[in-house]
Amino acid sequence: GAGVSQTPSNKVTEKGKYVELRCDPISGHTALYWYRQSLGQGPEFLIYFQGTGAADDSGLPNDRFFAVRPEGSVSTLKIQRTERGDSAVYLCASSQSGGNTEAFFGQGTRLTVV
Amino acid sequence: GEDVEQSLFLSVREGDSSVINCTYTDSSSTYLYWYKQEPGAGLQLLTYIFSNMDMKQDQRLTVLLNKKDKHLSLRIADTQTGDSAIYFCAETPSDYKLSFGAGTTVTVRA
């Protein structure tokens with residue numbers, strides 16, 4: 001695609017439910033990143049994929065959060081037993097490779113946990 | 001972003017210059033970035049500077065870097081209404097990870 005695509009754009013879920021957020025990176029980009037942006041804050045790093053493998057998942061806040069990228073393209077961020085504090089905009093970015101090549105961001109998924 | 005600090009708000013008159021300041025902590029950052037975020041839109045890379053440079057100019061944008069003080073600034077010349085947005089400074093604690101500040105909301109008034 002022309003840019004990084006994230007679906008859904010908005011998601012409202014009840015506390016305790018499971019959610020999946022999808023990211024379609026720019027075609028050919030091997031590096032993929034997830035960030036979380038809370039209201040009034042800058043994005044915070046969650047996880048970085050190089051190809052199919054998670055090269056750095058140190059930003060995932062706890063074991064309720066998990067992300068996969070099984071074929072090295074589309075990625076899914078999964079959140080179990082959602083809590084109200086998980087409400088944020090989840091941003092995905094991709095770049096041609098890692099290592100300070102320009103990262104292109106999607107428009108994000110706004111997650112609201114009620 | 002607690003390692004990167006920015007002032008939260010800036011109001012500027014159309015046609016004037018805007019200066020957004022940022023301090024960072026990671027002296028090993030190879031690159032420092034400025035991103036722009038408009039309402040309902042994703043982050044857009046505006047410009048960046050390599051850590052061994054003091055200044056970079058790109059059309060209306062000028063980036064100044066003071067490595068000794070770990071201070072970065074972005075100057076926008078001839079500010080236009082389309083420049084109203086949130087601007088994020090970001091350091092690079094590793095060669096793939098961005099660490100952002102909380103963002104500076106720039107409001108351009110006529």
#### Entry: Per residue accessible area of the protein assembly as shown, 1.4 Å probe, in Å²
48 Å²
### Query
For chain A, how big is Rg over Rh, using alpha carbon atoms and the Kirkwood form of Rh?
0.95
### Query
For the residue pair B:Ser11 and B:Arg109, what label-to-label distance in nm results when each label sits 7 Å from Cα along the Cα-to-beta-carbon direction?
0.4 nm
### Message
Among A:Ala55, A:Ile26, A:Thr76, whose Cα projects farthest towards the positive end of the dipole of the protein assembly as shown, with charges put on the beta-carbon of Lys, Arg (+1) and Asp, Glu (-1)?
### Response
A:Thr76
### Task
Obtain the nm distance between the two label points defined at B:Lys68 and B:Ser51 by a simple spin-label model: each point lies 7 Å from its Cα along the Cα-to-C-beta direction.
1.8 nm
### Task
Note down the magnitude of the dipole of the protein assembly as shown about its Cα centre, charges +1 on Lys and Arg C-beta and -1 on Asp and Glu C-beta and zero elsewhere, to the nearest 20 debye.
440 debye
### Message
If you take every residue apart from B:Leu64 with its C-beta less than 14 Å away from the C-beta of B:Leu64, what net charge results, scoring Lys and Arg +1 and Asp and Glu -1?
### Response
+2
### Query
For the protein assembly as shown, taking Cα atoms only, what is the radius of gyration to one decimal and the Dmax to the nearest whole Å?
17.6, 50
### Query
Scaled to the compact-protein estimate 2.2 N^0.38 Å, what is the alpha-carbon radius of gyration of region A:28-90, rounded to two decimal places?
1.12
#### Entry: With every protein chain in place, the protein assembly as shown: carbon and sulfur % of accessible area (1.4 Å)
46 percent
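What does the charge add up to near A:Tyr33, with Lys and Arg as +1, Asp and Glu as -1, over the other residues with Cβ less than 15 Å from its Cβ?
Neighbour charge sum, excluding A:Tyr33 itself: -2.
For every other residue with a beta carbon closer than 12 angstrom to the beta carbon of A:Ala103, add +1 if it is Lys or Arg and -1 if Asp or Glu, then tell me the sum.
Numbers: positive: B:Lys97; negative: A:Glu102, B:Asp95.
Charge balance in the 12 Å sphere: -1.
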### Query
At a Förster radius of 25 Å, what calculated FRET efficiency corresponds to the Cβ-Cβ distance of A:Ser5 and B:Leu61, to the nearest 0.05?
0.35
### Summary
For A:Phe49, A:Phe105, B:Phe9, the accessible-area ranking with a 1.4 Å probe, largest leading, is B:Phe9, A:Phe105, A:Phe49
#### Entry: Among the listed pairs A:Lys78/B:Lys67; B:Lys36/B:Lys70; A:Lys78/B:Lys97; A:Lys17/B:Lys36; A:Lys78/B:Lys56; A:Lys15/B:Lys36, those beyond 29 Å (Cα-Cα)
A:Lys78/B:Lys67; A:Lys17/B:Lys36; A:Lys78/B:Lys56; A:Lys15/B:Lys36
### Query
Rounded to the nearest 100 Å², what is the sum over both chains of accessible area buried where B meets A, with a probe of 1.4 Å?
1600 Å²
### Query
Nearest 20 debye, what's the magnitude of the dipole of region A:1-59 about its Cα centre given +1 on Lys and Arg Cβ and -1 on Asp and Glu Cβ?
220 debye
## Note on the structure
Contact-by-burial set, region A:43-57, min loss 20 Å², accessible area of protein heavy atoms with 1.4 Å probe, reference chain alone, gives A:Pro43, A:Phe45, A:Tyr48, A:Asp56
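The values are calculated or read from the model by the stated rules, or taken from the named source; none is laboratory data. Treat the numbers as computed from the prediction; the structure is a model and nothing was measured. Reconstructed Cβ throughout: ideal geometry from the backbone, glycine too, with neighbour counts over all protein chains shown. To get the accessible areas, we keep the full protein, side chains included, count just its heavy atoms, and leave off ligands, DNA and RNA. Shrake-Rupley method; radii C 1.70, N 1.55, O 1.52, S 1.80 Å.
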